[in-house]
């Protein structure tokens with residue numbers, strides 16, 4: 001015999017009273033080791049989308065990814081990279097920085113669906129969606145509802161979602177940073193770790209009202 005709506009509602013109330021949900025911190029974050037990001041909100045906000053816009057050639061997006069891999073490796077945080085253009089070159093990173101990385105090679109048409117699946121994985125602490133090679137016109141065709149649906153999927157989780165784009169493209173981003181300064185040719189003689197630690201992405205949007213505490 002099927003339960004009536006009234007019986008189901010009563011059962012839900014009883015379960016909620018017996019097993020109350022644990023309180024969640026109003027603002028939590030994954031530290032990055034970069035002052036421009038960590039001073040703004042303690043790091044990458046958990047349960048939220050952060051967009052990094054690479055607005056200039058050689059502006060440091062690749063270096064930023066290396067920095068994120070280094071800091072998450074130090075804390076043994078598992079990371080997934082959704083590589084929408086199959087452009088990730090693992091040989092350009094120290095092997096040790098890749099030990100905790102799940103690399104998803106896909107196309108632009110399947111990248112968002114892959115990301116939606118990954119953000120529901122409780123084993124991950126950071127998911128990176130790399131759309132840097134996508135054309136601005138192509139990104140603009142992505143419905144805003146798709147981005148907000150992705151944010152709703154991330155919201156209840158304890159991971160940070162980072163999206164790399166060539167232009168402002170993610171309307172649901174709680175935080176947005178812009179990398180708009182191209183590195184001069186002479187900087188290529190500097191060690192990449194030093195260049196990465198010196199990155200200063202500019203905060204363009206912050207919807208989080210409370211200063212994030214380190215998770």
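The values are calculated or read from the model by the stated rules, or taken from the named source; none is laboratory data. Predicted model, so just to flag it, every value in this text is computed and none were measured. All Cβ positions, even for glycine, are placed from backbone atoms using ideal geometry, and neighbour counts span all protein chains on display.
Values as computed for the structure displayed
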{"read-out": "Residue list for region 121-144, filter: part of a helix (DSSP H, G or I) and exposed (fewer than 15 other Cβ atoms within 10 Å of the Cβ)", "value": "136, 137, 138, 140, 144"}
{"read-out": "Residues being assigned to a loop (DSSP other than H, G, I, E, B), buried (at least 17 other Cβ atoms within 10 Å of the Cβ) and either at pLDDT below 75 or within 14 Å of the chain's Cα centre (by Cα) (or both) - total across region 145-168", "value": "2"}
{"read-out": "Qualifying residue in region 183-192 (condition: touching a strand residue (DSSP E or B) at 6+ places or on another chain (Cβ under 7 Å) and farther than 22 Å from residue 42 by Cα)", "value": "no"}
